[in-house]
1. If I ask for residues that are among the hydroxyl-bearing types (Ser, Thr, Tyr) and either modelled with pLDDT under 85 or in contact with a Ser or Thr (Cβ under 8 Å, 6 or more places away or on another chain) (or both), which ones from region B:270-303 would you list?
2. Take region A:156-177 and flag every residue that is over 15 Å from B:GLN386 (Cα atoms), more than 11 Å from chain B (Cβ to nearest Cβ), touching a residue at least 24 places away in the same chain (Cβ under 8 Å) and assigned to a helix (DSSP H, G or I).
3. Looking at (1) farther than 30 Å from B:ASP447 by Cα; (2) surrounded by fewer than 23 Cβ atoms within 10 Å (Cβ to Cβ), which is the one condition that is false for B:ASP58?
4. Among the listed residues B:LEU442, B:LEU383, B:LEU420, which satisfies the condition of being more than 8 Å from chain A (Cβ to nearest Cβ), farther than 22 Å from B:SER256 by Cβ and crowded, with 22+ Cβ neighbours inside 10 Å?
5. Output the qualifying pairs, or none if there are none: Cβ atoms under 8 angstrom, residues six or more apart or on different chains, first residue in region B:473-489 and under 21 Å from B:MET459 (Cβ atoms), second residue basic (Lys, Arg) and surrounded by 15 or more Cβ atoms within 10 Å (Cβ to Cβ).
6. List every residue pair whose Cβ atoms sit under 6 Å apart, with the two residues 6 or more apart in sequence or on different chains, where the first one lies in region B:344-365 and is within 9 Å of chain A (Cβ to nearest Cβ) and the second, anywhere, is hydroxyl-bearing (Ser, Thr, Tyr).
7. Tell me which of these B:LEU468 doesn't satisfy, since it passes every other one: (1) at pLDDT below 95; (2) of a type outside the set (Lys, Arg); (3) within 20 Å of B:GLU412 (Cβ to Cβ).
8. Considering only region A:103-144, state which residues are within 11 Å of another protein chain (Cβ to nearest Cβ) and in contact with a helix residue (DSSP H, G or I) (Cβ under 8 Å, 6 or more places away or on another chain).
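The values are calculated or read from the model by the stated rules, or taken from the named source; none is laboratory data. Source: prediction; values computed, not measured. Reconstructed Cβ throughout: ideal geometry from the backbone, glycine too, with neighbour counts over all protein chains shown.
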Amino acid sequence: MLARLHRLMAIGVIIAFGLNTPANGQSYANNPPLPETAPATSVYVADLYRSIAFCRAIGRQAYMVDCLAERIGAVAAKMPASGDRADMRAALATASRELGAVANKYRSRTQSPVNMTMGGANSMTTTRPLRGIAPENLNLALTAALTVMAQTETVLLRSAQTSQTRALDFQEVAGVIGSTKVLLRSG
Amino acid sequence: MFRKAFLLPLTLLFVLIVPFPAMAERVALVIGMGAYEHVVQLKNTINDADAVAAKLEDVGFKVTLATDKTQAELLDIMQAFSFQAETADLALVYYAGHGVEVQGVNYLIPIDANVKSNKDVVRVAISLDDVLKTVESARKMRVVILDSCRNNPFGDLVDTNVTKPEDPSTDNSTRSAGVQGLAPVNPDLGTLVAFAAKGGQVALDGADGHSPYATALMQAFTVPNLEISLMFRQVRDKVLEQTHNLQEPYTYGSLSGTPFYLAGSTGGSIDVASEADPRVAWADIKPEQEQQLRALADGGDTRSMLGLAYIRLNPKETRYNPAEAVEYLTKAAAAGAPDAQFELAKLYEQGTGVDPDAKKALELYEASAAQGFPDAVNDLGFLYYQGGLGLAPDHAKGIDLFRQAADLRHPEAMFNYAALIDDGVIKGKGPEDSAKYLYQALRSGSDAVLKQLTSDPAMFTIKTRQALQKILKSHNFYEGPLDGDFGKTTQGAIKVAFGLQS
């Protein structure tokens with residue numbers, strides 16, 4: 001048990017209260033599109049894995065929904081807005097926006113938004129403070145968030161069926177979003 | 001499927017802070033053979049076994065005592081002990097009796113062994129490899145102590161293929177009778193094989209009812225705060241002194257990075273072995289022993305370097321000094337110690353005591369994994385599967401590494417491999433295979449695995465859950481229906497299989 005806690009500490013996610021000006025509900029979908037020289041899908045897949053792990057490592061359930069909203073949005077923002085991965089970006093951006101809306105709807109009125117950061121070679125920092133869910137709304141928020149994730153996976157898999165060139169890429173991203181498993185690092 | 005995907009991380013956050021009772025079971029199989037039916041009987045071995053067993057019980061071991069057993073009896077006992085060892089942190093075997101090397105293989109001789117030739121030894125004796133197998137599943141440390149290189153009881157009947165020592169001080173008041181000695185062994189990392197006498201020497205029988213080696217061991221077992229590696233050094237020094245340098249105990253293999261204090265520690269915890277975090281466990285070492293560690297580290301002992309590094313990585317310690325830890329680990333890693341390479345990789349990955357350096361971290365993980373260090377093989381699998389430290393996701397390579405680490409009985413790797421089988425991404429494997437790995441992961445004692453299985457079993461398909469229930473049933477841990485429902489009954493069985501009391 002202690003080892004697990006230590007590992008979480010070692011991951012080093014730091015919660016910083018009120019460091020940045022909140023930009024609640026900020027959508028990455030509005031960011032300017034990147035040129036088509038964007039990296040391979042595997043880079044986004046790795047980003048998504050790391051983002052989910054990052055949100056898990058926070059250790060505070062109340063911030064999980066908004067963390068995923070923010071991180072998935074950050075990955076989407078790096079994707080090209082045109083070309084054969086535009087649908088992928090759109091699906092993730094929509095997921096981010098909808099998760100953000102869930103976090104906003106059920107947010108706590110008493111908990112301050114917080115920034116999260118993780119050091120190390122795979123460092124990661126949220127670009128805006130995350131909103132915490134009120135304890136009494138947690139179940140409702142989780143249910144709503146599950147629906148968003150389900151829809152996102154479905155959208156990605158549908159895109160995989162219609163994409164001639166990127167079917168495997170769509171499936172892979174859908175696999176990350178829809179994965180039921182947490183893979184474990186050594187204890 | 002996606003519902004579970006999202007719930008799992010959220011659920012995990014809760015379960016991470018719910019502690020399970022600490023377990024630090026230490027089990028010992030103490031074997032004494034004296035009343036041989038076909039070869040010369042030994043006088044003190046039963047005394048030794050009885051006394052060693054009593055001392056080990058005194059310091060908290062669960063002891064199985066086996067004296068004057070036939071081969072069949074001993075094999076049965078070893079099988080039962082092996083099952084016990086699966087959920088123990090430390091499994092120790094002590095053997096006092098005849099031992100012989102035949103063409104590079106060491107054999108322990110049961111009382112009914114009737115030997116006319118080399119072939120007979122293989123048939124009627126028990127190989128050291130078999131003994132090592134009985135402890136190989138212990139979770140943290142495995143120790144086999146052989147107080148047995150006392151003679152070759154079969155004389156010319158057996159070609160031991162061992163050179164006689166230059167000065168065969170094999171007077172007949174000892175248990176030795178001519179050609180003797182056991183062959184050097186090369187056990188796995190985390191396994192220590194201790195011989196009463198190094199190759200070519202005889203182990204004396206002793207004049208006061210116990211062998212010098214057993215006497216020294218019994219004294220050392222009960223010294224509190226004495227770390228196990230230092231304990232074996234003290235035993236060696238004592239035996240050398242008592243036998244006027246005629247007999248020098250010797251150890252082969254290496255202990256794991258986890259410190260053990262057989263008689264416990266007075267440094268705030270009763271049983272340091274129960275401390276899963278090596279940073280905390282090593283920090284409990286007494287100042288004079290830290291000095292010894294430093295001396296050993298200066299002499300090139302990489303485990304001592306690792307221990308000193310762990311102490312300096314404990315933020316609660318006044319000795320906290322990550323940069324110094326990096327120095328120790330760098331030295332040990334450069335000497336080729338895979339556990340140090342792994343720990344140093346983590347520091348480079350996290351940026352602890354050193355600037356984060358993904359390339360360096362990856363190189364160190366690769367170097368450690370190349371030596372088969374299971375933690376590194378699993379983490380490298382993780383990095384390849386999901387991508388990280390500059391690696392793009394490579395599922396095929398990740399899966400292969402998980403398989404390799406699972407074959408090394410790494411708990412998290414067995415869980416990961418089971419999870420990927422269950423996801424259907426590993427060709428030729430099905431729910432039964434997934435359940436088999438899950439069961440082995442449970443038995444090998446990973447808190448993370450236990451928590452995953454008890455907090456969100458629905459992450460696995462019903463077929464895998466049913467297959468796991470079937471395995472639990474076959475080991476008498478579970479009596480309910482094979483319905484895949486992981487309710488209270490199954491969860492209870494999972495915890496008992498893990499080693500927690502029902």
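1. Matches in region B:270-303: B:SER274 only.
2. Across region A:156-177, the qualifying residues are A:SER159, A:PHE170.
3. Checking B:ASP58 against (1) farther than 30 Å from B:ASP447 by Cα; (2) surrounded by fewer than 23 Cβ atoms within 10 Å (Cβ to Cβ), the one that fails is (1).
4. Exactly one residue qualifies, and that residue is B:LEU383.
5. Pairs found: B:LEU482/B:LYS470; B:LEU482/B:LYS473; B:GLY484/B:LYS463; B:GLY484/B:ARG465; B:ASP485/B:ARG465; B:PHE486/B:ARG465.
6. What qualifies is B:ASP357/B:TYR348; B:LYS360/B:TYR348; B:ALA361/B:TYR348.
7. If we test B:LEU468 against (1) at pLDDT below 95; (2) of a type outside the set (Lys, Arg); (3) within 20 Å of B:GLU412 (Cβ to Cβ), just (1) comes out false.
8. A:MET118, A:GLY119, A:GLY120, A:ALA121, A:ASN122, A:ILE133, A:LEU138, A:ALA141, A:LEU142, A:ALA144, listed by residue number.
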